[in-house]
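**Q** This is the structure, below, for whatever I ask next.
Every number here is computed from the coordinates shown, using simple stated rules; none is lab data. Not measured: the values here are computed from a predicted model. Cβ placement follows ideal geometry from the backbone for every residue including glycine, while neighbour counts extend to all protein chains displayed.
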Amino acid sequence: MAARYWRLLFLSELALATAFAMRVGVAFKLPLALAVLAGLGVLLLLPGALAGLSFVIAGVMGPPQRGRGTFIDLLRAWVSESVALQRATLAMSLEPWRRFDYDSPPGAPQPPKPVLLIHGIVCSRAVWRPLANALRGQEFGPIRAVNLEPLLGNIDSHAKSVATVIRQLRCKCGGARVTIIAHSMGGLVARAALRLLEADDIRQIVTLGSPHHGTWLAQLLPGLPYRQMQPDSEWLAALNAAQEGRFPVPVTCIYSTNDNLVTPSRSAALQGATRFELRGLGHLSLLSARPAIDCTLRVLV
């Protein structure tokens, strides 16, 4: 379902760019090559406009927050988020035709080092390809990436599915504990799944830009998981009351002070967890930007 959503978005962008190219070409009697270049320019600028809008909404309408860094940090975050959005849109549009699960690479050390990747809301496992490739290069495996369906499903329902996948992965790997890396809402899914599992099932949890204390922007969107991610959510309050400061497994929170979707950005930090604060990265950028990938690889045990 996520693939259809993102494919529709990409096709809409393509249609808009084509219409613009045709209109400009006719109005200014441009050669075909120049008209095509104009259309490509629009196609490249649209993700930047969408990312910019999210930064404006987060900065102007969101709650005030300190430590967002300099104007250069914000500019870097906008550029990185624009690139990440276009990259993610293309990857998720093509998701049904590409492979995203990997067995252990040849010559990998034993015992196996299984990893489960959990994406955020309205996304798909396709967003994990840059990090999955980096993990393979560090001889982690097998690597599995789930698709959370339905897109606006209950976080607890997603957690049950994830818990089942973890048990299956452990069985496949001879009982080896599973490392979870989760982005955005996926971090809440991982924590909810932790309540359904034994501590020995999971080696560690690493969250990237997860709204552990909610995000103000969730109040602007409809759907059950958005209600669960609101700062005043009873569901989130119960989860934190049960876990924060006393996790049965190591937890690491990686987040950016320039996150355009998790506001305030320090909502992504948990008490009792190891915390890494980055600058100059947007929300989706945490999945593919080199500083975020390097930070993630450093904390894995």
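**Q** Which of these, P130, P222, P142, has the largest mean-square fluctuation under a Gaussian network model of the chain (Cα springs below 10 Å)?
**A** In the Gaussian network model the winner is P222.
**Q** Provide the gained length on full extension for the span E277 to R4, in nm with one decimal, where the gain is 0.36 nm per separating residue minus the Cα-Cα distance.
**A** Value of the extension gain: 94.9 nm.
**Q** While we're on this one: Using the alpha-carbon atoms, what tilt in degrees (0 to 90, nearest 10) does helix 290-299 show relative to the longest principal axis of the chain?
**A** Helix 290-299 sits roughly 0 degrees off the main axis of the chain.
**Q** If R₀ is 25 angstrom, what is the calculated FRET efficiency for the pair L221 and V60, using the beta carbon separation as r and rounding to 0.05?
**A** FRET efficiency, L221 to V60: 0.90.
**Q** If segment 2-95 were replaced by its equivalent ellipsoid, with semi-axes equal to the square roots of 5 times the Cα gyration tensor eigenvalues, what would those be, largest first, whole Å?
**A** With the √(5λ) rule applied to segment 2-95, the semi-axes are 30, 18, 11 Å.
**Q** Let me ask something else. Working from Cα positions, state the angle (0 to 90°, nearest 10) between the long axis of helix 2-28 and the longest principal axis of the chain.
**A** That helix lies at roughly 20 degrees to the long axis.
**Q** Also, I was wondering about something else. What does the net charge come to around T179 if you take all other residues with beta carbon closer than 9 Å to its beta carbon, with K and R at +1 and D and E at -1?
**A** Neighbourhood net charge equals +3.
**Q** Given q = 0.24, 0.28 Å⁻¹, what are the Debye log10 I(q)/I(0) values for segment 17-65, with equal point scatterers placed on the Cα positions and solvent ignored?
**A** Scattering profile of segment 17-65, log10 relative to I(0): -0.77, -0.91.
**Q** Antiparallel versus total DSSP beta bridges in the chain: what percent is that, nearest 5?
**A** Rounded to the nearest five, the antiparallel share is 10 percent.
**Q** How far apart, in nm, are two points set 7 Å out from the Cα along the Cα-to-Cβ line at R167 and at N133?
**A** 3.6 nm
**Q** Then there is this: Can you sort D232, D103, D73 so the residue with the fewest Cβ neighbours within 10 Å comes first?
**A** The order, fewest Cβ neighbours first, is D232, D103, D73.
**Q** Between S12 and L44, what is the label-to-label distance in nm when each label sits 7 Å out along the Cα-to-Cβ direction?
**A** Modelled inter-label distance: 2.4 nm.
**Q** With the alpha-carbon atoms as the only input, what is the per residue convex hull volume for segment 97-299 in Å³?
**A** Looking at segment 97-299, the number lands at 109 Å³ per residue.
**Q** Could you give the nm distance between label points at L94 and L30, where each point is 7 Å from its Cα heading toward the beta carbon?
**A** Going by the 7 Å Cα→Cβ label model, 2.6 nm.
**Q** Given the DSSP H assignment, sum -39500 (n - 2.57) over each helix run of at least 4 residues in the chain and divide by its residue total; what's the result at 222 nm in deg cm²/dmol, nearest 500?
**A** After summing the helix terms and dividing by residue count, I get -15000 deg cm²/dmol.
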